[in-house]
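Q: Encoded as structure tokens, here's the structure I'll be asking about.
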Amino acid sequence: MNKEIFKRAVEENPFETINKIVYDLMYDAIIKLDFLPGEKINVAQIANDLEISRTPILEAIKQLKQNGVVLSYENKSGYYVSYLDIADFQSVHFSRRMLESHAVYLYTKYNPTVRFDELKEAAEEFYKAFTVGNYRRIADLDNFFHNLIVEECDNDYIKSMYKGIEKKMSRYIQFSTAILGKTPSALSARASQSQHLAICNAIEMKLPDLAKRAMEEHMDTVSQGLFLHVKDFMYIKDNEIEH
């Protein structure tokens, strides 16, 4: 883990505990695939990298374990990054589909011009990123696009519920993006390349029902593609890692 990022987090959050800062950094590292599913967490290495004792790292790991992101096994020592759970994945994407389809409906009906230029630019950049195979950029643009719609939907309950699934959702998206980069021939998610633009077109025409359907179609495409990548990677890891 990066010592400079850790030091900056401490400086920017002077009233936060070291345990919490380490937890946040480790969670983000897992989401960004700095730690892969099934990988053993090297506590000594993290302590050495951050120049801190093992105690806050172990406390952070306990919290990660409670959240299901980290696991321990009776027949093995240490802690391991959890594998992605198919049932949980399906539940998260069902919730995301429901929330985002209603969010884009409200956004189109009541706030279609608010930050629309940013939204359309992100959709265009998303399309270009797919064309050149910049998969990290794809993940960042996708996150920005969907978050902007939720942020501007003018419904605090949708925002609150969306925030509740945001980190888990990010893990699945980042995970799948990494797999896309390694298996470009299996890009079932390419069908989503132009769907951000289709959503923008419906918003620009101020057609909330059309925007809602476009978002639902996009969510279905993304869900199917991510599901395939999650299954493929879990199969690979099950054959590469001893249990």
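Taken together, the values in this text are just the output of simple stated rules run on the coordinates, not laboratory data. All of these numbers come straight from a predicted model, not from anything done at the bench. No Cβ is skipped: glycine too gets one built from the backbone with ideal geometry, and neighbour counts run over all protein chains shown.
Q: Could you work out how far helix 135-151 tilts from the main Cα principal axis of the chain, as a 0 to 90 degree angle to the nearest 10?
A: That helix lies at roughly 60 degrees to the long axis.
Q: Ok, one more. Neighbour counts of other C-beta atoms within 10 Å: give me S192, S95 arranged from fewest to most. Please report the intermediate quantities before stating the final value.
A: Working: S192 23, S95 16.
Fewest to most other Cβ atoms nearby, the residues stand as S95, S192.
Q: How do E125, E118, E100 rank when sorted from fewest to most other Cβ atoms within 10 Å of their own Cβ? Each step should come with its number before you reach the end.
A: Values: E125 18, E118 13, E100 24.
Taking fewest neighbouring Cβ atoms as first place, the list is E118, E125, E100.
Q: As I understand it, the value is the acute angle between the Cα axis of helix 116-132 and the longest principal axis of the Cα atoms of the chain; what does it come to in degrees, rounded to 10?
A: 70
Q: By the scheme Lys and Arg +1, Asp and Glu -1, what is the net charge of all other residues having a beta-carbon under 13 Å from that of L141? Let's see the in-between values first.
A: On the way: positive: K120, K128, R136, R137; negative: E118, E121, E124, E125, D140, D142.
For residues surrounding L141, the net value is -2.
Q: Past the 18 Å Cα-Cα mark, which pairs from K128/K206; K120/K212; K20/K62; K109/K163? Intermediate values should be presented prior to the final figure.
A: Details: K128/K206 25 Å; K120/K212 16 Å; K20/K62 11 Å; K109/K163 22 Å.
The pairs that break the limit, which is 18 Å between Cα atoms, are K128/K206; K109/K163.
Q: To the nearest 10 degrees, how steeply does helix 208-240 sit against the main Cα axis of the chain, on a 0 to 90 scale?
A: Helix 208-240 and the main axis of the chain meet at about 30 degrees.
Q: Here is a further query. Along its three principal axes, how long is the chain when you only count alpha carbons? Whole Å, largest extent first please.
A: Extents along the principal axes, in whole Å: 57, 45, 31.
Q: List the chymotrypsin sites (Phe, Trp or Tyr not before Pro) within the stretch 1-98 that fall in a DSSP loop (any state other than H, G, I, E or B) and whose Cβ has at most 10 other Cβ atoms within 10 Å.
A: Here the sparse-neighbourhood loop sites are F15.
Q: Just rank Y107, Y172, fewest to most, by other beta-carbon atoms within 10 angstrom. Before the final figure, lay out each step's value.
A: Numbers: Y107 28, Y172 23.
So the ranking, lowest neighbour count to highest, is Y172, Y107.
Q: Let me ask something additional. If contacts are Cα pairs under 8 angstrom and at least 6 residues apart, what is the relative contact order of the chain in percent? Before the final figure, lay out each step's value.
A: Numbers: 265 pairs, mean separation 55.1, N = 243.
Value for the chain: 23 percent.
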